[in-house]
Structure formats: structure tokens, C-alpha cells
Amino acid sequence: MDNLRRLSRLAVVLVGVTIVAVAALALFVVWPETLTDLFGVVITLVVVIAGIRVAGGIARSIVPSYDVAEVAVEGPITRDGGGGGPLPSRPNSASADDLVEQIDRANDDGSVDALLVKLNTPGGEVVPSDDIRLAADRFDGPTIAYTTDTCASGGYWIASGCDELWAREGSIVGSIGVIGSRLNASELADRIGLDYEQFTAGEYKDAGLPLKELDDDDRAYLQGIVDEYYDHFVDRVSEGRDLDPDAVRETEARIYLGARAHDLGLVDELGTREDVEAAIADRLGRDEVTVEAFEPDRPLVQRMGASAERVAYALGAGIAGVADEREFRLRTERP
């Protein structure tokens, strides 16, 4: 298969170069009568060199050199990478929308026969994590999740949508749980003489707001939401990883080193990146595979904006960290 791809690309390049060379000779050597032969040869060489580059690009487009797509889930998982709010966002977070787009694009690429999901994340928001899991689950071909450092919480949620999970012996794996958090500023408000008054329709509309003291009824209501998400998390993991639900609950959201996680059945195989690629090649019945990293399909202006956001984060990370806790939030991220 690899040799056939190389020969196909070479054929495209040769055909392209031949066409460009013939056209250049006709335009710059044969056709004109007033230009010197030397000048015509120089121009021909320049055009041929340019043609080789163009033909090479066309060859890579027509006969891609890759057969495995890789998407990387790195950093905390959010809906849009954390750049949608008015305050500086945390850099290097994983955008669920971008990752779903990359996986779907790989699925539509006729050259891609397998998907490699690289996981290095402590987790993050619940629904964005599930969207990535669903995208991996609907990929038409083998899907292999692989973690080097951390595959915790939302990262493990994503892995449950893949056929296999690989890790290193020292990787951090697990944290199958859900966190609900709120900032309690009611005592501070009392000290500075700030009164809380809220007009709501619906008994639990203001449950979890920081200026309101949390009573037992509100606490039970919010804990119930967390418990429902946890039940959903356990169901997804037990189905996707073929584990008994009770065994998943017995982990009690603990984290494990890769070797121990493998013993518990949370990880399928231990190995290096080279081992993972060898396993994918074996699955596809090939001697080797070529992996292409799929990245977000963003315009230049948006990429420049992302760089500006990192600068803004460096200037205002402290303010953003406080503002992030302004209300009750649900996430799977391990603190």
C-alpha cells in the first residue's frame, strides 16, 4: 500500500513536470523569435522548478501520504477553548467544537483509515467532553486513544468512545467523577454590609448563587444534579470500556498510574507511541502507517486572535481565576 502511494505520487509529479516543461519550451524557446536561446533556457528552468513545487502539492492533495489522522485533546476541555468570555481565558485549553470538526473532517477524508486520539487532559466541562466522545464513537474505522501524561475525568470520558485506550506505565489515568462548585460569598457580603435580594420565578432559580446562603434544600437539589451526571458518566464508561458499573463506582474517582489502571481494566494496553502505531498498522494489515495531525481549520485572523488571547491571559489570569467561580459550575476536571 505504501509503495503504491509513493509510485502514484511520483507519477503525478512526473506528469505535472512534463506538462509544465513542454509548455515552458513552447512559450519561451520555440515560439518567440527575438529572445536568445540562453534567456529562453533560463526562463524554462525557472518555470520547471516552480512547476515541480506545484506538481508536488497537487500530488500530495490527490494522493495523500497519510492513512491515520491524529487529533490532540490537550489541556482543560471547554466548549470553545475558553476564548468566548470577556475575561482572559486559560491558554492551551481544548476546544470541543474544534475537535469535533477535526474528527468529522478525518471521517470524511477518504485517505484516513484510522483515528488516533491523543489525550493529555485533566478533564473539563461535561457536555463538551461528551461531544468529543460521540464524534470519536461515530468515526468509521478503528479509533485508538493514547495518553502520555494525563487522561483524567473528561479525558477518560472521551476514551470511552474509542475502541482502545493505551497509556504509559507512569501515566495518570482515572478520576471518574463529577465536580459541582460554587463560591460562597454570603459571609463576606454581611461583613461589608451588602444585602442580597433576588426576584425569581421558580423555587430553585437562584440556587447556587454566591451571595445566597445555601440551605439544605438547595444543597440536596444541586447534589442531585451532580449525582445524575455521575450516573451518566458511569454508564458511558461501563458501556464504552465494557466494564461492570459497580467496578467503575468502586474506583471512587481515584487516579491511578498507568500500570495499575491496566491491572484494573481501565487501560487496554501499555506502550510507547511507536507501539501504538505498530498496533494500528497491524489492525489495518499493513507494515506501517503514516500519521497526519489534524488541526483546527481556522482563518489567519482567528489564529492571530488566539495569540493575543494568550498575552491577555498572562496579564489577567488572576482576575479570570476569581471570576470563574462566580456561580455554581459542573465539570469533570480534576483540580
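The values are calculated or read from the model by the stated rules, or taken from the named source; none is laboratory data. Small disclaimer: the values here were computed from a predicted structure and weren't measured. Neighbour counts are summed over all protein chains in view; Cβ atoms, including those assigned to glycine, are modelled from backbone coordinates with ideal geometry. Keep in mind that these areas ignore ligands, DNA and RNA; they rest on the heavy atoms of the full protein, side chains included. Shrake-Rupley method; radii C 1.70, N 1.55, O 1.52, S 1.80 Å.
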> Are any residues in segment 157-174 open to solvent by less than 10 Å² (accessible area, probe 1.4 Å) and either part of a strand (DSSP E or B) or in contact with a Ser or Thr (Cβ under 7 Å, 6 or more places away or on another chain) (or both), and if so, which ones?
Replying inline: TRP157, ILE158, CYS162, LEU165, ALA167, SER171, VAL173, GLY174
>> Could you tell me how many of the residues in segment 128-153 are in a helix (DSSP H, G or I) and in contact with a Phe, Trp or Tyr (Cβ under 9 Å, 6 or more places away or on another chain)?
In response: 4
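Looking for whichever is farther than 14 Å from ARG79 by Cβ, of a type outside the set (A, V, I, L, M, F, W, C) and at pLDDT 95 or above here; the options are ASP140, ASP104. Which one fits?
One residue alone meets the criteria, ASP104.
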> Inside segment 197-213, can you point out the residues that are at pLDDT 70 or above and in contact with a helix residue (DSSP H, G or I) (Cβ under 8 Å, 6 or more places away or on another chain)?
Replying inline: ALA207, GLU213
>> Can you list residue pairs whose Cβ atoms sit under 7 Å apart, with the first residue in segment 160-174 being more than 16 Å from PRO122 (Cβ to Cβ) and the second being among the hydroxyl-bearing types (Ser, Thr, Tyr) and at pLDDT below 95? Count only pairs 6 or more apart in sequence or on different chains.
In response: ARG168/THR148
> Could you count how many residues in segment 132-141 are in contact with a Cys (Cβ under 9 Å, 6 or more places away or on another chain) and open to solvent by less than 40 Å² (accessible area, probe 1.4 Å)?
Replying inline: 3
> Just one of ALA261, ALA220, ALA279 is over 19 Å from TYR156 (Cα atoms), under 24 Å from the mean Cα position of the chain (by Cα) and of a type in the set (Gly, Ala, Ser); which is it?
Replying inline: ALA279
> Pick from SER129, SER111: which is open to solvent by less than 30 Å² (accessible area, probe 1.4 Å) and out of contact with any helix residue (DSSP H, G or I) (no Cβ under 7 Å at 6 or more places or on another chain)?
Replying inline: SER111
> Do any strands (runs of 3 or more DSSP E) lying entirely in segment 235-332 carry at least 2 residues that are modelled with pLDDT of 90 or more, and which ones are they?
Replying inline: 255-257, 291-293
>> Test of understanding: among GLU288, GLU277, GLU252, which residue is touching a helix residue (DSSP H, G or I) at 6+ places or on another chain (Cβ under 7 Å), of a type outside the set (Gly, Ala, Ser) and farther than 16 Å from SER160 by Cβ?
In response: GLU288
